[in-house]
Amino acid sequence: MSTLWHDVCGVDEIWPNTGVCARIDNRQIAIFRIDRADGATEIFAIDNHDPHSGANVLSRGIVGNLGARTVVASPIYKQHFDLATGDCLEEPSLPVRSYAAEINDGRVRVCV
Amino acid sequence: MKIIVIGNGMVGHKFVEELVAQQNVAADVTVLCEEPRPAYDRVQLSAFFSGKTADDLSLVTPGFFEQHSVDLKLGVGAKSIDRTLKTVTTTAGETLGYDKLVIATGSYPFVPPIPGKDREGCFVYRTIEDLEAMTACGARSKVGVVIGGGLLGLECAKALRDMQLQTHVVEFAPRLMAVQIDDGGGRVLRSKIEQLGVTVHTQKNTVEIVAGDHCRHKMKFADGAELETDMIVFSAGIRPRDELARACGLGVGERGGIIVDNHCRTLDDDIYAIGECALWSGRIFGLVAPGYEMARVAAKTIASSPSHDAPQFTGADMSTKLKLMGVDVASIGDAHAATAGARSYVFTDERKQIYKKLVTSEDGSLLLGAVLVGDATEYGQLLQMMLNHIALPSSPEFLILPAADGQTRVGLGVDALPGSAQICSCNNVTKLQLCEAVGAGCTTLGALKKTTQAATSCGGCAPLVTQILKAEMKRLGHSVNNHVCEHFAYSRQELYHLVRVGRIETFDALLSKHGSGLGCDICKPVAASIFASCWNDYVLTRDKAALQDSNDYFLANIQKNGTYSIVPRIAGGEITPDKLIVLGQVAKKYGLYTKITGGQRIDLFGAQAHQLPQIWSELVDAGFETGHAYGKAVRTVKSCVGSTWCRFGVQDSVSMSLTIEHRYKGLRAPHKLKFAVSGCTRECAEAQSKDVGVIATEKGWNLYVCGNGGMKPRHAELLAGDLDDATLLQYIDRFLMFYIRTADRLQRTSVWRDNLEGGLDYLKDVIVHDSLGLGAELEAEMAQVVDSYVCEWKRTVEDPEAVKRFRTFINADGGDDNVVFVEERGQIRPATAAERERPEFKGVAVVAEPA
Ligand SMILES: Cc1cc2nc3c(=O)[nH]c(=O)nc-3n(C[C@H](O)[C@H](O)[C@H](O)COP(=O)(O)OP(=O)(O)OC[C@H]3O[C@@H](n4cnc5c(N)ncnc54)[C@H](O)[C@@H]3O)c2cc1C
């Protein structure tokens, strides 16, 4: 499968410390905007599909940090996923995919 | 070894528990239980009137008898004992053999031989059946009289008062609780009892009860006076049930009671007597703690060989505390200063109605007794000082004098108590055991109670147990870690305080001032809830939206397949046909599954996020408001139709439920809140299973709080009775705000209540008597929330920026095609995993986009 950078939306369209869902090539990608205390803004992308519930919901979870990891909590059964790696903290056997994401000239891009 | 236990009362049951816990007896136990149900908490019997059921009061852990193969014969009494054959004949006609026999038959209420005492409407106060009969009669009565002004009589009078009867207490002695307190205390107690609305008659000797002119009965007194009443409860003392023992020639005392030695053995080595039927050293103990001690001694004696190695019963302390809300009365040790050379210290405050007396040894070094009326805060500690012979400070009067402003009282630290000090006498728990349990990880009052059983019977030692918990935690150097999460080193209660006092309105401000990191799915919703309770701002602003749980984030309830359900507010369950039709039309148009909820509303399932604003703009146009079914917030106020339609209703419950629902709608709290209003005591709205339950009375409303359906059902308890509309709302304002202020994250009112140190009495003090002086503040805080209410959905559909957030995809229109429904019983439901996997399965199309 080839990977390509896709333009998704303007950074401002994602409210700070929330997620949105993008449809890219019929895949659902959860994209998160994290605004750190020092003013830096970072973008993360993982699958929107929650392997525990089978529902496409991860973009709607609450983001935050657990120790050094930046995570989202699934809104259905509350497992945490590492936004950088896609690892599931509670059940390592059920991770999700993570994708490269960046801000380029005020636009959010994801590599899928 | 065959053991028969006669009586499955409090003490008899404790004996069985102690016996099966002994390692070295293989006993074959039969229990004869004359009552129709196994052991229950007689001490808490009066709670039956405030909503506790027989099940709530049960002392039997489920499966206990089966698990230990104890043969429990319910509804079967012992009729006779044959000591030579070593058999017991039952009322069912069976004859059973025994190796050891334990008599735990308790006592019966003494009814003085007054002509007319057997008239219909005359009761005693001892069993659940007695209370059921009283309840039935109370409903048909206006006036009630209790004969006897002792501990039990006063408890009973309060119960009659709570049944809305004009209540009288008739006492033969010159003062109430004559055994336990002195004249000075009696005076204060009398006015306290009268304040409850109970009329007190002392030095009245009832000579006859005849038919009344206006009421069912007329009581005639020796002094010629008369009193008319519909019901009479005798509470004139108890007599040991020693009839079986008498009949088989066991020794009994002159005034009754089965004579026992220090091992609770009767004159027959194979027969024991324990509890209120036993006479030890010429004394009967009418309290449960000495009975429990006897049960332990008897069980250990039967299990030990030689038996004289077993522990002995050496008498018991008879200090007591009246458990009446709003009336603190306690008596410790030698309350009447009967010991030779005893000296007293007395403090009276007639304005605040407080009376306190200390009785010390002649040289003032040891505490012998005390009387506390109007304020019994020091009960636990004074009792410990007396029991443990702790040397008194040089000025013992300071132990009972009110503390000068800001100063703490001298000499009453729990640190002074020895490890062997028995803190809970009901369940024989020492300070050492409590400290060990704390060390082993019991860091909350709830956990400590569960592990040690301390404070689980009469509850009198709860304040002391809490102090020991705190002191021990401090000593061990672990502060109670009730921090919300890794981002905030504060409890929810502390965060609430910081937010309110610091007027903090955003999560960023809270984090930068008091926290660290980014926050998480624990602290963010907590903060959002606190902001909403304090400032009631719109929850979906750019800075607040990110804090909300998915349900609050979309103002709808997420379901297992990621779709949402919608519950518009239907206040009080009242809805016009037109609005009902709108709900049907909307559901039909968007293809939603509809179901009636337990809270008298209609739930519409199966909407995708992007459809929510469309659906809601139609609902808002039709006059609907959000129902907050998605929030930890006030949900519903269930109601019956009340006096408007119902031939039994006594108040307009629907109007009241509308008032309440519109007043508190939108209020966010540590957990969801459910209310109900019933129009009469038939209680069709099931108010006693709610956080706030209101039940109509002839005179107003009874307010019940802290009930709970769900996983661990709990009956609500009566907070206050016969309230007018304004006072009802005032108390609910205070109650809710006090809960919001002090509860933990996701702690329901029932659990919160169980963890309140002073329990229901404390709650009543705070809410009804405003003991913390917080009333006005709590009401003002509530007023702010009430006044700033805005329907969140109305606000959302009017705000294009907010509506954008509901798009399923940021970069495309349309919905999630992973959402698949199938049809069942004429409606949609989510397809199962198996259905989705079948290759031929297509499912119904996702709900059609409306035009
Ligand atoms: C309303 C109320 C409030 C109280 N409050 C307090 C308090 O605050 N603090 C306190 O310490 N104490 C209090 N007490 C007293 C306490 O309940 C008793 O001390 C305790 O119940 C005694 O236990 P017992 O097992 O000896 O007697 P009971 O609990 O009365 O049990 C005796 C049982 O034996 C059964 N029985 C009798 N004869 C037979 C027979 N022949 N065959 C089979 N069964 C038989 C009876 O039916 C009964 O079930 C209160 C009592 C009442 C009624």
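The values are calculated or read from the model by the stated rules, or taken from the named source; none is laboratory data. The structure displayed is predicted, hence computed values, not measured ones. As a convention, Cβ positions derive from the backbone with ideal geometry for all residues, glycine included, and neighbour counts pool all protein chains shown. Only protein heavy atoms, including side chains, enter the accessible area calculation; ligands, DNA and RNA are left aside. Shrake-Rupley method; radii C 1.70, N 1.55, O 1.52, S 1.80 Å.
So how tilted is helix B:612-621 from the main axis of chain B? Cα-based, degrees 0 to 90, rounded to 10.
In chain B, helix B:612-621 runs at an angle near 80 degrees to the longest axis.
For the pair B:Glu194/A:Leu94, report the inter-label distance in nm, with labels modelled 7 Å from Cα in the Cβ direction.
Here the modelled spin labels are 6.9 nm apart.
May I ask for the accessible area buried between chains B and A, both sides summed, probe 1.4 Å, to the nearest 100 Å²?
Values: alone 37450 and 6170 Å², together 40730 Å².
Its buried surface, counting both partners, is about 2900 Å².
With the Cα gyration tensor of chain A giving a ≥ b ≥ c as the square roots of its eigenvalues, does the rule (a/c under 1.5 for rounded; else a/b larger than b/c for prolate; else oblate) give rounded, prolate or oblate?
oblate
Modelled label-to-label distance, B:Tyr108 and B:Asp787, 7 Å Cα→beta-carbon offset: nm?
Going from the B:Tyr108 label point to the B:Asp787 one covers 6.5 nm.
Applying a 10 Å radius around every beta-carbon, put A:14-21, B:360-367 in order of their mean neighbour count, most first.
Numbers: A:14-21: 22.1, B:360-367: 17.0.
Order by mean packing, descending: A:14-21, B:360-367.
Compute the distance from the alpha-carbon center of the stretch B:537-612 to that of the stretch B:341-386, in whole Å.
61 Å
Report the trypsin sites (Lys or Arg not before Pro) located in the stretch B:488-588 that are in a DSSP loop and have at most 15 other Cβ atoms inside 10 Å of their Cβ, or state none. Could you put the intermediate results ahead of the total?
Working: sites: B:Arg492, B:Arg500, B:Arg503, B:Lys513, B:Arg542, B:Lys544, B:Lys560, B:Arg569, B:Lys579, B:Lys588; in loops: B:Arg503, B:Arg542, B:Lys544, B:Lys560, B:Arg569.
Qualifying residues, ordered by number: B:Arg503, B:Arg542, B:Lys560.
Here are some pairs, B:Lys158/B:Lys450; B:Lys52/B:Lys470; B:Lys14/B:Lys450; B:Lys192/B:Lys699; which of them have Cα atoms lying more than 21 Å apart in this structure?
Working: B:Lys158/B:Lys450 30 Å; B:Lys52/B:Lys470 31 Å; B:Lys14/B:Lys450 17 Å; B:Lys192/B:Lys699 23 Å.
Listed pairs above 21 Å: B:Lys158/B:Lys450; B:Lys52/B:Lys470; B:Lys192/B:Lys699.
Can you give me the relative contact order of chain B as a percent, contacts being Cα pairs under 8 Å and 6 or more apart? Mind showing how you got there, number by number?
Numbers: 1702 pairs, mean separation 62.0, N = 851.
Here the relative contact order equals 7 percent.
Quick one: Kirkwood hydrodynamic radius for the protein assembly as shown, alpha-carbon pairs, angstrom, one decimal? Could you put the intermediate results ahead of the total?
Values: mean 1/r = 0.0311 Å⁻¹.
This gives a value of 32.2 Å.
Quick check: convex hull of the Cα atoms in chain B, volume per residue, rounded to a whole Å³? Don't skip to the answer; put the middle values down first.
Numbers: hull volume 183.8 nm³, N = 851.
In chain B, the Cα convex hull volume per residue is 216 Å³.
Rounded to whole Å and ordered largest first, report the semi-axes of the equivalent ellipsoid of the stretch B:237-369 derived from its Cα gyration tensor (root of 5λ). Before the final figure, lay out each step's value.
Numbers: eigenvalues 255, 61, 40 Å².
With the √(5λ) rule applied to the stretch B:237-369, the semi-axes are 36, 18, 14 Å.
With every protein chain left in place, what is the accessible area per residue of the protein assembly as shown in square angstrom, probe 1.4 Å? Before the final figure, lay out each step's value.
Values: 40730 Å² over 963 residues.
About 42 Å² of surface per residue is accessible.
What average count of beta carbons from other chains do you get within 10 Å of the Cβ of residues in B:445-454?
On the way: counts 0, 0, 0, 0, 0, 0, 0, 0, 0, 0.
Mean partner-chain Cβ count within 10 Å for B:445-454: 0.
What is the distance in Å between the Cα centres of the stretch B:263-300 and the stretch B:9-78?
17 Å
Want the number for B:Asn262 to B:Leu74: 0.36 nm per residue separation, take away the alpha-carbon distance, what's left?
Numbers: separation 188, 0.36 × 188 = 67.68 nm, distance 3.05 nm.
This chain segment gains 64.6 nm when fully extended.
Report, to the nearest whole %, how much of the accessible area of the stretch B:632-789 belongs to carbon and sulfur atoms, 1.4 Å probe, protein only.
Working: 3050 of 6030 Å².
After summing per-atom areas, the C and S share lands at 50 percent.
Hey, any idea what % of the stretch A:5-111's accessible area is carbon plus sulfur with a 1.4 Å probe?
Within the stretch A:5-111, the accessible surface is 45 percent carbon and sulfur.
Is the shape of the stretch B:122-236 best called rounded, prolate or oblate, per the rule: a/c under 1.5 gives rounded, else a/b larger than b/c gives prolate, else oblate, with a ≥ b ≥ c the square roots of the Cα gyration tensor eigenvalues? Write down the numbers at each step before the final one.
On the way: a/c = 1.73, a/b = 1.26, b/c = 1.37.
The shape class here is oblate.
Are there GluC sites (Glu not before Pro) in the stretch B:272-356 that DSSP marks as loop and that have at most 12 other Cβ atoms within 10 Å, and which are they?
Numbers: sites: B:Glu276, B:Glu293, B:Glu350; in loops: B:Glu350.
In loop regions of the stretch B:272-356 (DSSP not H, G, I, E or B), the sparsely surrounded GluC sites (Glu not before Pro) are B:Glu350.
What order do B:Lys699, A:Lys78, B:Lys356 take when sorted by accessible area (1.4 Å probe), most exposed first? Mind dumping the intermediate values first?
Values: B:Lys699 120, A:Lys78 85, B:Lys356 5 Å².
I get B:Lys699, A:Lys78, B:Lys356, largest accessible area first.
Stretched out fully, how many nm does the piece from B:Thr91 to B:Lys712 gain, at 0.36 nm a residue minus the Cα gap?
Details: separation 621, 0.36 × 621 = 223.56 nm, distance 3.84 nm.
Roughly 219.7 nm would be gained on extension.
If R₀ is 51 angstrom, what is the calculated FRET efficiency for the pair B:Glu798 and B:Arg825, using the beta carbon separation as r and rounding to 0.05?
With R0 = 51 Å, the Cβ-Cβ based efficiency is 0.85.
Measure out, as a whole number of angstrom, how far apart the alpha-carbon centroids of the stretch A:59-82 and the stretch B:712-762 sit.
Cα centroid to Cα centroid, the span is 34 Å.
Step through the table entries B:Lys73/B:Lys321; B:Lys86/B:Lys300; B:Lys2/B:Lys300; B:Lys589/B:Lys794; B:Lys544/B:Lys672; B:Lys352/B:Lys764, compare each Cα-Cα distance with 24 Å, and write down the pairs that go over it.
Numbers: B:Lys73/B:Lys321 35 Å; B:Lys86/B:Lys300 21 Å; B:Lys2/B:Lys300 16 Å; B:Lys589/B:Lys794 20 Å; B:Lys544/B:Lys672 20 Å; B:Lys352/B:Lys764 18 Å.
The pairs that break the limit, which is 24 Å between Cα atoms, are B:Lys73/B:Lys321.
Say a paramagnetic label sat at a point 7 Å from the Cα of B:Thr697, along Cα to Cβ; which residues of the stretch B:758-785 have their backbone N under 19 Å from it?
B:760-770
Just in the stretch B:616-714: which GluC sites (Glu not before Pro) are loop by DSSP and have at most 13 other Cβ atoms within 10 Å? Walk me through the numbers before you get to the answer.
Numbers: sites: B:Glu618, B:Glu625, B:Glu661, B:Glu683, B:Glu686, B:Glu698; in loops: B:Glu625, B:Glu683, B:Glu686, B:Glu698.
Here the GluC sites (Glu not before Pro) that fit, given the DSSP loop and packing criteria, are B:Glu698.
Using a 1.4 Å probe on the protein chains only, how many percent of the accessible area of the stretch B:1-126 belongs to carbon and sulfur?
Numbers: 2850 of 5700 Å².
The computed percentage sits at 50.
Note down the relative contact order for the stretch B:164-204 as a percent, whole number, built from C-alpha pairs under 8 angstrom at least six residues apart.
On the way: 46 pairs, mean separation 24.7, N = 41.
Across the stretch B:164-204, relative contact order equals 60 percent.
When Cβ neighbours within 10 Å are restricted to other protein chains, what is their mean count per residue of peptide A:34-44?
Partner-chain Cβ atoms within 10 Å, mean over residues of A:34-44: 1.
Return the average number of partner chain Cβ atoms within 10 angstrom of each residue Cβ along peptide B:807-817.
Numbers: counts 3, 7, 11, 14, 13, 4, 1, 1, 0, 7, 4.
Rounded to a whole number, the mean comes out at 6.
If I take every Cα pair under 8 Å that is 6 or more residues apart in the stretch A:5-111, average their sequence separation and divide by the length, what percent do I get for the relative contact order?
Numbers: 241 pairs, mean separation 28.6, N = 107.
Relative contact order comes out at 27 percent.
Quick one: accessible surface of B:Phe624, probe radius 1.4 Å, all protein chains present, in square angstrom to the nearest 10.
Its heavy atoms expose roughly 10 Å² to the probe.
First check a/c for the stretch B:171-267, with a ≥ b ≥ c the square roots of the eigenvalues of its C-alpha gyration tensor; if it is under 1.5, answer rounded, and if not, answer prolate when a/b is larger than b/c or oblate otherwise. Spell out each step's value before the answer.
Values: a/c = 3.18, a/b = 1.69, b/c = 1.89.
In terms of gyration-tensor shape, oblate.
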